[in-house]
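Undergrad: Below you'll find the structure I mean.
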Amino acid sequence: MPESTFNHPLFGPVRFRTASKLQWIRGDAISFVSGFDEADILSLQIPQLAGIDGANNGHLRFHKRGHAQLLRSFEEIAQRGLLHHIKTCAGTLNKRLRKPVGGGLSKLPSNHAFGIAIDLNSDDGSMGGSVAPVAPIFQANGFIWGKSFNDPMHFEVNTFVSADSLAAKGVEAVQPQFIACGQKVHNRGAPPEALLTELVKWGRGADNEVFERNGVFDIYSSVVSQLGPWRGELHRRAVMLEVLRVLAGFESSWKWDAGRDVTNPNSGTPCTEEAGIFQCSGNSMAFSPHLRQLLVDAGGDGTCESFIKTTKSNHRFALEYCARLMRVTTRHHGPIKNGHIHSWLRRDAVDEFMRYLGHD
């Protein structure tokens, strides 16, 4: 069987032999004779690939020195809301010779044989060209993109990056790119990106109790057919953001300082006057003493007049107040009570919110 030595840029001189006994064969299986320890190729779990075709439920084998940078790459891809670009995974470890795209014979071992390469979207019709949006993330974490040698599905380690180096580098803050969340609501148009960004910021920092299960018929009970079943606390947070996104469109076309509904003859007093992006009125504080306390904590004096002022000017208060109000009643907002928002709620928007809340 053919046997040869290759001076690998990361591992140094490596001797290997092919499976064929008589001749070199394109892409032939290989085994290492010396210079490379296959025990260094270990299994790791990449949570972001759990539902991706061909990814073995996110369990892949990769060289241990490349674990940190591979995990970091997929974490950043998810954080930036780009995970939807990854449709399939053709694997990592494959002990074979290289297979040049042009079809020729190579007598060099593939980097897949060393467990330092991964192929994504190989069946997209463009040899993986659809991974272009995530390529800069891999490159920033020590990978080479195979597009430079006409193999765009392919990413391989160019230099090992330690976990300590990655931690020191930190994660660059990225402005979310909303797609599903940016779709129109009824005849109100599309929500502004600034509003969606504020929703995510609030959702990341809000207390867990805003989203925890309770024993009353609340907003989660109302929209379970459209957005359930619930898949944990993060999913419940994202569902709340989606409800707030759609409700704000119906109530005010996403205007933080919206005033009273002049068509409502019953809103002529400070306590019945609708105010702000969610058109809540001060009398809604009667649903729970915690709602009035929320106003006081935000700097109001507990009166309906201060409620109007605060809900228009304090965005965080407006979001938290409406979310907490919907946990105790679904009857204060007509678009919820009458089922108007339900057909405009989007599961893909919930998934997008989940990505920007920090996980996928």
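Undergrad: If we only count strands (runs of 3 or more DSSP E) wholly inside the range 89-199, which ones have 1 or more residues that are open to solvent by 70 Å² or more (accessible area, probe 1.4 Å) and modelled with pLDDT of 95 or more?
TA: Those strands (runs of 3 or more DSSP E) do not exist here; none qualify.
Undergrad: If you take the residues of the range 237-274 that are farther than 20 Å from Met285 by Cα and not in a helix (DSSP H, G or I), which of them is farthest from the chain's Cα centre (by Cα)?
TA: Pro265
Undergrad: Would you be able to tell me the number of residues in the range 327-360 that are surrounded by fewer than 17 Cβ atoms within 10 Å (Cβ to Cβ) and either under 24 Å from Ser267 (Cβ atoms) or of a type outside the set (D, E, K, R) (or both)?
TA: Going residue by residue through the range 327-360, those that are surrounded by fewer than 17 Cβ atoms within 10 Å (Cβ to Cβ) are 331, 334, 337-340, 342-343, 347-348, 358-359.
So of that shortlist, the ones also either under 24 Å from Ser267 (Cβ atoms) or of a type outside the set (D, E, K, R) (or both) come out as 331, 334, 337-340, 342-343, 358-359.
Counting residues in the range 327-360 that are surrounded by fewer than 17 Cβ atoms within 10 Å (Cβ to Cβ) and either under 24 Å from Ser267 (Cβ atoms) or of a type outside the set (D, E, K, R) (or both) gives 10.
Undergrad: Hey, another quick one. Looking only at residues that are modelled with pLDDT under 95 and of a type outside the set (S, T, N, Q) in the range 253-269, which one is least open to solvent (accessible area, probe 1.4 Å)?
TA: Only one residue tops the list, namely Gly259.
Undergrad: A follow-up question, please. Looking at the range 36-59, which of its residues are open to solvent by 50 Å² or more (accessible area, probe 1.4 Å) and either under 29 Å from Thr5 (Cβ atoms) or outside any helix (DSSP H, G or I) (or both)?
TA: Hits for the range 36-59 are Asp37, Glu38, Ala39, Leu42, Ser43, Gln45, Gly51, Asp53, Gly54, His59.
Undergrad: Give the number of residues within the range 279-290 that are out of contact with any Ser or Thr (no Cβ under 7 Å at 6 or more places or on another chain) and in contact (Cβ under 8 Å) with a residue 24 or more places away in the chain. Walk me through how you get there before you give the answer.
TA: Step one: of the range 279-290, the residues out of contact with any Ser or Thr (no Cβ under 7 Å at 6 or more places or on another chain) are 282, 284-286, 288-290.
Among the residues that remain, those that are also in contact (Cβ under 8 Å) with a residue 24 or more places away in the chain are: 282, 284, 288, 290.
Total satisfying the criteria: 4.
Undergrad: Related question: Take Gly81 and tell me if it is out of contact with any His (no Cβ under 6 Å at 6 or more places or on another chain) and part of a loop (DSSP other than H, G, I, E, B).
TA: The answer is yes for Gly81.
Undergrad: Something else: Specify the residue that is surrounded by the fewest Cβ atoms within 10 Å (Cβ to Cβ); the eligible residues are those in the range 200-252 that are closer than 19 Å to His342 by Cα and among the small types (Gly, Ala, Ser).
TA: Here the answer is Ser225.
Undergrad: Among the aliphatic types (A, V, I, L, M), over 22 Å from the mean Cα position of the chain (by Cα) and at pLDDT 90 or above - does that describe any residue in the range 69-83?
TA: no
Undergrad: Scan Phe62, Phe16 and give me the residue that is open to solvent by less than 40 Å² (accessible area, probe 1.4 Å), closer than 21 Å to Leu166 by Cβ, in contact with a Ser or Thr (Cβ under 9 Å, 6 or more places away or on another chain) and not in a helix (DSSP H, G or I).
TA: Phe62
Undergrad: State whether one or more residues within the range 328-342 are over 17 Å from Ile219 (Cβ atoms) and in contact with a helix residue (DSSP H, G or I) (Cβ under 8 Å, 6 or more places away or on another chain).
TA: Looking for residues that are over 17 Å from Ile219 (Cβ atoms) and in contact with a helix residue (DSSP H, G or I) (Cβ under 8 Å, 6 or more places away or on another chain), one finds none in the range 328-342, hence no.
The values are calculated or read from the model by the stated rules, or taken from the named source; none is laboratory data. Computed from a predicted model, the values in this text were never measured in an experiment. Cβ atoms come from the backbone with ideal geometry, glycine included; neighbour counts cover every protein chain shown. Ligands, DNA and RNA are excluded from the accessible area calculation, which covers all protein heavy atoms including side chains. Shrake-Rupley method; radii C 1.70, N 1.55, O 1.52, S 1.80 Å.
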